[in-house]
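Structure, as structure tokens:
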Amino acid sequence: MAPPERETAAEWGDGVVALGFRVKASSRESPSQKAGNLLEADLRSHWSTATNTKEWILLELQVAARCIFFFLPSQSDGLGIELSSFSLTYHGLQFTRASCLQEPCLLSHVRIYNKSVLEWELTAGLRYKPEAFVKVRSRCEAPKRDVVYPANHTPCRYLRISCLRGNPIAIFFIQLYGIPVPGLEPELQPVLSYLLPQITSAKQPPSHNMHLQVILVLLCFLLPLWLWVHHFMSS
């Protein structure tokens, strides 16, 4: 049984797309209601802990299958990243699947089709440090069934849903929407914080949003460097 669909272009705003993600971890799951059921918009399945208090689930954004090529201005050869196979080659260096798996974004909306959670809190972050996550939605009562929370373009690679009370704790599915920003790292947070008000207040689509394009162009040059440094430090 499928729930009512939402038209993302009209409802979430121009340039906001559905985001791919996986379940990175959960505090608990019952044998027949696995956490992976949250990925499917199907009311015949759900995630349940079979408990009533203090459970959580952590979602990690994943890259969409596509190919991106970066060209360095002072080099005659380019840097190619094949994201559909998660491989990267630059000057003979081969990067692994883990290097290109995660794709951060500016999180716009979180849609949760609730089953029986009574109270929850939503937090998000770019780095896997839940204690440092920022609040997307402060502790509140969980509405029954379909609910959408605005996330105000929060920089996000991980989303944690802390389910504080339930009868029992159970959720049908989750959908995330936002603007993908490949290569966004916490070190760029000061720049992003400065430009974010201009990005969110602009009426143009992302392709014509000057401040968003500044961030994307900047990351196009920084991402190859970060990947090289990651390879160098881990070798």
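Of the residues TRP120, TRP47, TRP56, the one with the fewest other Cβ atoms within 10 Å heads the list, and the complete ranking is TRP56, TRP120, TRP47.
Say R0 is 41 Å: what FRET efficiency, to the nearest 0.05, do LYS144 and TYR194 get from their beta-carbon distance?
Efficiency computed from Cβ-Cβ geometry: 0.55.
Once the Cβ-Cβ distance of SER30 and MET210 is raised to the sixth power relative to R0 = 41 Å, the FRET efficiency obtained is 0.25. Simple spin-label estimate for THR51 and GLU187 gives 3.8 nm between the two label positions (7 Å along the Cα-to-Cβ direction from each Cα). What would the Debye formula give as log10 I(q)/I(0) at q = 0.15, 0.23, 0.27 Å⁻¹ for the alpha-carbon point model of the range 122-200, no solvent? Values returned for q = 0.15, 0.23, 0.27 Å⁻¹ are -0.62, -1.24, -1.56.
Local charge for ASN114 was computed over the other residues whose Cβ lies under 10 Å away, with Lys and Arg +1 and Asp and Glu -1, and equals +2. Panel order for VAL117, VAL23, by other beta carbons found within 10 Å of each beta carbon, from fewest to most: VAL23, VAL117.
Each reported figure results from applying straightforward, stated rules to the coordinates on display, with no laboratory input. The model shown is predicted, which means the values in this text are computed figures rather than measured ones. With ideal geometry, Cβ positions are generated from the backbone for all residues, glycine too; neighbour counts draw on all protein chains shown.
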